[in-house]
1. Could you list, in sequence order, all residues of the stretch 48-62 that are closer than 26 Å to Phe76 by Cβ and either assigned to a loop (DSSP other than H, G, I, E, B) or within 23 Å of the chain's Cα centre (by Cα) (or both)?
2. Looking at the stretch 220-257, which of the residues that are assigned to a strand (DSSP E or B) and open to solvent by 90 Å² or more (accessible area, probe 1.4 Å) is farthest from Ile147 (Cα to Cα)?
3. Could you list, in sequence order, the residues of the stretch 159-175 that are within 20 Å of Phe104 (Cβ to Cβ) and surrounded by 12 or more Cβ atoms within 10 Å (Cβ to Cβ)?
4. Restricting attention to the stretch 128-187, and to residues there that are touching a helix residue (DSSP H, G or I) at 6+ places or on another chain (Cβ under 6 Å) and of a type in the set (Gly, Ala, Ser), which single residue is nearest to Arg228 (Cα to Cα)?
5. So Asn96 clears everything in (1) open to solvent by 50 Å² or more (accessible area, probe 1.4 Å); (2) under 12 Å from the mean Cα position of the chain (by Cα); (3) in contact (Cβ under 8 Å) with a residue 40 or more places away in the chain except one condition, right? Which one?
6. So which of Ile91, Ile115 is in contact (Cβ under 8 Å) with a residue 60 or more places away in the chain, of a type in the set (A, V, I, L, M, F, W, C) and out of contact with any Pro (no Cβ under 6 Å at 6 or more places or on another chain)?
Amino acid sequence: WKWGHFSARLEPLVEYAQNGSFELQSVSPTGANPYVDAMRPTTIDLPQRMGANAYHLIDPGQSYVRYDVGGFGVGFSSEDLFWGPGVRNAILFGPNAAGFPHFFFGTNRALGTPIGRFSAQVVYGRLQQSDWAPKSKNSERLGAGMIATWQPPSTPLTIGIARFYHRDWPAHWTSADYTLPFGAWFSRPQASTSKGNNSDNQLASVFFSARAPSIGLDFYGEFGKNDRNVDVRDLIVEPESNSAWLLGFVKVIDLDSLHSDFW
């Protein structure tokens, strides 16, 4: 549906799963939910099985409502997020998991400037744990993030950065909650992640994509980290800590070039 600067889509998801039984890995902590992850039964919401019975899901799915004017847009959405260049195994957000309800604002296309083309988006959303998650004091989380890209002038290169925070849903919103996507890059000493007492979690990545349109080739890469570094030295000395990276390429092959020798 589209009317002037407004547009919307309703594409809900209705799912039913028989959820048949199968052998589970044993969970060691006494009294732990038998369906929780066997390796991290008290720290991660990754059930081995969604309970003992069949279950159903009714979700807004790929739905949104938005307002666009010029090169900018704002709205509400439950669509999947897809951040970064990775066609498969994207580090931050990809199509392998459902979207979540979120408010967003940013550009709706790359905007040209004398120093190149820029695009950016900021999101704020509500995250909820499953019914089979380990016990926690708060079942709802605030998720907030941003992504920005830059394309230098007359260069088939894109450079980008993305961050995403999640923390307990605030009882009373403060300025720190609104500015969460732009928060500190490093942990405060009194809330060091190395001590395991930091209530929030940051994921961040840097990425690039280099295109050669004349030969139909796109080469890309991304490096991401989970949890903030304590300081600059920690970032430089141990870049591999809680990190992941990917490299990939996409090649477009003209139909006229396909022959038996190629395959």
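The values are calculated or read from the model by the stated rules, or taken from the named source; none is laboratory data. The structure displayed is predicted, hence computed values, not measured ones. Using ideal geometry, Cβ is built from the backbone for each residue, glycine included, and neighbour counts are taken over all protein chains shown. SASA here: full protein model, heavy atoms, side chains in, ligands and nucleic acids out. Shrake-Rupley method; radii C 1.70, N 1.55, O 1.52, S 1.80 Å.
1. Across the stretch 48-62, the qualifying residues are Leu57, Ile58, Asp59, Pro60, Gly61, Gln62.
2. Restricting attention to the stretch 220-257, the residues satisfying the condition of being assigned to a strand (DSSP E or B) are 220-226, 229, 243-251.
Adding the requirement that they be open to solvent by 90 Å² or more (accessible area, probe 1.4 Å) leaves 245, 247, 249, 251.
Numbers: Trp245: 17, Leu247: 19, Phe249: 21, Lys251: 26 Å.
So the residue we want is Lys251.
3. Of everything in the stretch 159-175, those that are within 20 Å of Phe104 (Cβ to Cβ) and surrounded by 12 or more Cβ atoms within 10 Å (Cβ to Cβ) turn out to be Gly160, Ile161, Ala162, Arg163, Phe164, Tyr165, His166, Arg167, Trp169, Pro170.
4. Ser187
5. Going through (1) open to solvent by 50 Å² or more (accessible area, probe 1.4 Å); (2) under 12 Å from the mean Cα position of the chain (by Cα); (3) in contact (Cβ under 8 Å) with a residue 40 or more places away in the chain one by one, Asn96 breaks only (3).
6. Exactly one residue qualifies, and that residue is Ile91.
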